[in-house]
Every structure is written in structure tokens, then in C-alpha cells.
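Peer 1: Before I ask anything, here is the structure I am working with.
The values are calculated or read from the model by the stated rules, or taken from the named source; none is laboratory data. As the structure is a prediction and not an experimental result, all values here were calculated from the model. Glycine gets a Cβ as well: all are built from the backbone with ideal geometry, and neighbour counts include every protein chain shown. When the accessible area is computed, the model is the full protein with side chains, heavy atoms only, and any ligands, DNA or RNA have been set aside. Shrake-Rupley method; radii C 1.70, N 1.55, O 1.52, S 1.80 Å.
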2 protein chains.
Amino acid sequence: MAHKRSDVLAHAVALLDAHGLAALTMRRLGAELEVQPSAIYHHFASKQALLAAVADEILARGARPRTASEWPGQLREICSELRDAMLACTDGADVVATVWAFGLGAAAPVADLEKVLTDADAPDELVAVASRTLVHYVFGHAFEEQTARQAVSLGAVERSLDSLPDFDLGLDLVIDGLRARLG
Amino acid sequence: MAHKRSDVLAHAVALLDAHGLAALTMRRLGAELEVQPSAIYHHFASKQALLAAVADEILARGARPRTASEWPGQLREICSELRDAMLACTDGADVVATVWAFGLGAAAPVADLEKVLTDADAPDELVAVASRTLVHYVFGHAFEEQTARQAVSLGAVERSLDSLPDFDLGLDLVIDGLRARLG
């Protein structure tokens with residue numbers, strides 16, 4: 001049975017969300033779609049290519065209207081949207097951060113941050129460093145939150161989740177650093 | 001053959017460094033030490049407990065003398081030490097960030113950051129948020145750098161590594177945010 005690329009991708013995201021990153025293999029995806037792995041490779045040349053498409057799909061599903069008019073609010077919108085998109089899918093933070101580190105996808109948030117900072121007349125070096133710093137913060141926070149919530153939910157560990165809702169406070173600290181430089 | 005806990009732990013770190021996190025299982029550790037898995041469980045009650053000990057060992061091996069006298073330099077020393085310790089072992093960033101998210105270990109860096117900020121008379125809420133923000137930034141940056149370098153080194157992906165040496169620049173941006181609040 002033939003499947004369109006979009007069907008295979010949607011099934012890959014569903015498999016990830018239901019069973020986590022370790023379960024997302026070309027073999028299992030083929031088995032669930034009742035096709036040979038070669039049919040998966042027809043659409044995605046490698047496991048990395050599949051992961052990259054999954055990461056971009058996770059981000060696309062989390063897209064929201066952006067309404068802020070000033071750069072601090074615009075940065076907050078991009079970072080919060082990225083965080084919420086990753087948290088909405090099991091192991092989403094791990095997948096998106098890994099694909100971005102591979103340089104294979106998930107490039108939109110950094111590009112969006114860079115555009116906001118460029119439009120705010122930040123110098124080029126600051127645009128690059130600040131965009132990466134914000135994304136590193138978002139990835140670090142989302143990875144902790146998702147890992148902690150998933151492990152506690154599975155009964156694998158016991159820890160308090162009380163400190164987790166401080167995402168916006170930490171984000172504002174980084175933005176304050178930027179404000180000190182942009183005046 | 002009986003093994004001391006410290007021997008088992010040292011072998012676990014060596015296994016992680018040689019073959020990565022996916023290879024670090026109780027079964028494989030037992031096989032390499034020529035003991036039943038139960039002998040491993042005698043020292044480490046669970047895979048999580050083993051991972052926690054491995055994370056703390058990675059941090060202990062990266063410990064360096066700290067010489068800075070002012071809080072910004074003290075924060076930089078702690079964050080750089082954490083980053084270098086994680087980068088020194090294959091998948092070290094993943095292991096340390098995961099164990100910290102589990103609440104099972106790797107707690108020293110945050111405790112050290114909190115002490116520096118408390119001694120600098122930061123208000124309690126800022127102490128907590130800023131310590132966590134710094135650690136999230138360090139984890140996010142180190143995870144990208146390690147994932148990228150390992151994947152490029154294995155020939156798994158091609159990407160430029162030119163942007164990676166910006167760790168100190170991003171760290172200074174977060175510290176500037178703190179400076180704006182601490183005066």
C-alpha cells in the first residue's frame with residue numbers, strides 16, 4: 001500500500017508522541033504502516049532526514065499568531081511558541097534540539113529571533129549571539145521540564161515540579177541582558 | 001568476581017565515554033565486568049541510580065580550583081567548569097542534564113550558583129531563577145555543541161562548527177541581565 005509523504009510524517013509524529021523517541025525507527029514506522037522500510041526511505045533518505053521533518057512538523061503545529069509590536073515582546077512570543085510546541089509532543093524538546101544541533105532543520109526560531117534583533121538595530125555579532133543564547137535557554141528549560149514531567153508521570157522518579165513554571169522569569173533575565181546592550 | 005562500587009562506577013563512565021549513552025545498560029556493564037547484572041544492582045539499585053552516580057562522577061572529574069573574587073567571575077567559573085566537565089565525556093551533557101531533570105543528582109552546580117548569588121545579596125527569588133537560567137543556558141549550549149561535534153566526527157551530518165565557540169559571549173549576556181538587577 002502506497003503512502004504519501006505527509007501521511008508517513010503524520011504517523012511518525014503520532015508514534016513519537018505515543019511511545020517516545022526510542023520507538024521512532026524506520027523499521028517500526030514501516031511495520032505500523034504495513035510497508036517495507038524501503039517505502040519509508042523512499043520519502044525520507046535517512047533516519048536523520050525523518051527526524052528533521054518531524055522536528056519541523058512539531059514547530060509548524062505549534063505556530064501561533066504573533067502580535068507584539070516591540071522587540072522584547074516579539075522575542076518572548078517566539079521563545080514561548082518554541083517551548084510550547086516542543087512540550088506538546090513526547091520527547092519534543094529532545095527531537096527539536098537534536099535536529100537543530102545536526103544543522104538539519106528546526107532553523108525557523110533562530111531565524112525569527114535574528115530578524116527581530118536586526119530590525120531592532122542590534123549589531124550583527126549581538127544578533128547572532130543573542131539569538132543562539134535565547135534558543136539555548138529555551139532548549140535547556142524545555143528539556144528539563146519535559147524530562148521531569150514525563151519521568152514523574154511514568155512513576156520513574158519522584159521530584160517536586162514546583163520550580164518548573166519559571167520559564168518566563170528566566171527569559172526576562174536574558175532579555176534584560178539584551179536591553180542593557182541595546183539601550 | 002566481586003567488584004567495588006568505585007570500580008563499577010569507573011567502568012560505567014568508561015563505557016559511556018567509549019560507546020555513548022545507548023550502550024550504558026546494566027546488562028552490558030555486567031557482561032564487561034564478567035558478573036551477573038544482579039552484582040551491578042547490588043551497588044546501584046536502578047539504572048537511574050547508576051546514571052546519577054555517573055553524572056556526579058563526570059562533575060567530580062571536572063572540578064577545578066576557583067579563584068574569582070567577584071560574583072560575575074564566580075558565576076563564569078562555575079558555568080565553564082560545568083560545561084567543560086560535560087564535554088569531556090561522550091554524551092556527558094545529555095547524562096548530566098537528564099539526571100538533574102530527574103532530581104537524582106548533578107545538583108552541585110546549581111547549589112554553587114545559588115551560594116554565589118546569595119552572597120552577592122540577590123533577593124531569594126532572583127537567586128533561584130538566575131541559578132536555574134544559567135544552568136539551562138549551559139545545558140542548552142553544551143547539548144548543541146556535543147551533539148554537533150559528535151555527529152560531525154562520526155560523519156553522520158555535515159554542518160559548520162564555527163558558531164559553537166560563543167559560549168562565553170552568551171554567558172556574559174545572561175550575566176549582564178543579572179547585573180542590571182543587582183546594580
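Peer 1: What ranking of B:133, B:25, B:67 comes out by heavy-atom accessible area, probe 1.4 Å, highest first? Walk me through the numbers before you get to the answer.
Peer 2: Numbers: B:133 5, B:25 50, B:67 115 Å².
Sorted descending by solvent-accessible area, the residues read B:67, B:25, B:133.
Peer 1: Report the calculated FRET efficiency for residue A:10 and residue B:107 (r = Cβ-Cβ distance, R0 = 35 Å), to the nearest 0.05. List each step's numbers first, then the result.
Peer 2: Numbers: r = 40 Å, r/R0 = 1.15.
E between residue A:10 and residue B:107, to the nearest 0.05, is 0.30.
Peer 1: Calculate the mean, over all residues of peptide A:102-114, of how many other protein chain Cβ atoms lie within 10 angstrom of the residue's Cβ. List each step's numbers first, then the result.
Peer 2: Numbers: counts 9, 10, 4, 0, 0, 0, 0, 0, 1, 0, 0, 0, 0.
What the average comes to for A:102-114 is 2.
Peer 1: Something else: Let me know the whole percent of all Cα-Cα pairs from the protein assembly as shown that are separated by more than 36 Å.
Peer 2: The calculated P(r) of the protein assembly as shown puts 23 percent of pairs beyond 36 Å.
Peer 1: Using the 7 Å Cα-to-Cβ label point, sort the distances from residue B:168 to its equivalents in the other copies shortest first and give them in nm to one decimal.
Peer 2: From this label point to the equivalent ones elsewhere in the assembly: 3.6 nm.
Peer 1: For region A:85-148, go through all pairs of different Cα atoms, get the mean of 1/r, take its inverse, and jot down that Kirkwood value in Å. Provide the component values of the computation, followed by the final result.
Peer 2: Numbers: mean 1/r = 0.0811 Å⁻¹.
Computed over region A:85-148, the radius equals 12.3 Å.
Peer 1: Moving on to the next point. Can you give the Rg to Rh ratio of region B:63-182, both from alpha-carbon atoms, with Rh computed by the Kirkwood formula? The partial results should precede the final answer.
Peer 2: On the way: Rg = 15.0 Å, Rh = 15.1 Å.
Using Cα coordinates only, the ratio equals 0.99.
Peer 1: Further question on the same structure: In Å, the Kirkwood hydrodynamic radius of region A:143-183 over pairs of distinct alpha carbons? Numbers along the way, then the final one.
Peer 2: Values: mean 1/r = 0.0832 Å⁻¹.
One decimal place: 12.0 Å for the Kirkwood radius.
Peer 1: Further question on the same structure: With no solvent and one equal point scatterer per Cα, compute the Debye intensity ratio I(q)/I(0) for region B:5-45 at 0.15, 0.23 Å⁻¹ and report its log10, rounded to two decimals.
Peer 2: Log10 of I(q)/I(0), two decimals: -0.28, -0.67.
Peer 1: Per the helix-only calculation at 222 nm, which mean residue ellipticity applies to chain B, given -39500 (n - 2.57) for every DSSP H run of n ≥ 4 and division by its residues, nearest 500 deg cm²/dmol? Don't jump to the answer; show the numbers that get you there.
Peer 2: Numbers: 9 runs with 131 residues, N = 183.
Dividing the helical sum by the residues of chain B leaves -23500 deg cm²/dmol.
Peer 1: Looking at chain A, identify the longest residue range that excludes and avoids all trypsin sites (Lys or Arg not before Pro) in DSSP loops having at most 16 other Cβ atoms within 10 Å. Let's see the in-between values first.
Peer 2: Numbers: sites that count: A:4, A:66, A:159.
For trypsin sites (Lys or Arg not before Pro) (loop position, at most 16 other Cβ atoms within 10 Å), the longest site-free span of chain A is A:67-158.
Peer 1: Another question, if that's okay. Mind checking the angle between helix B:108-119 and chain B's longest principal axis? C-alpha axes, 0 to 90 degrees, to the nearest 10.
Peer 2: 20 degrees
Peer 1: OK, next. Using a 7 Å offset from the Cα along the Cα-to-Cβ direction at both residue B:23 and residue B:118, what is the distance between the two label points in nm, to one decimal?
Peer 2: Placing both labels 7 Å along Cα→Cβ, they lie 4.1 nm apart.
Peer 1: Which FRET efficiency value, to the nearest 0.05, do you get for residue B:46 and residue B:152 by plugging their Cβ-Cβ distance into 1/(1 + (r/R0)^6) with R0 = 45 Å?
Peer 2: Working: r = 34 Å, r/R0 = 0.75.
Plugging the Cβ-Cβ distance into 1/(1 + (r/R0)^6) gives 0.85.
Peer 1: Which whole number gives the average, over all residues in B:43-53, of C-beta atoms from other chains lying within 10 Å of the residue C-beta?
Peer 2: Mean number of neighbouring Cβ atoms from other chains: 1.
Peer 1: Can you spot the lysines whose alpha carbon is less than 24 Å from residue A:4's alpha carbon? Ignore those fewer than 8 places along the same chain.
Peer 2: Within reach: A:47.
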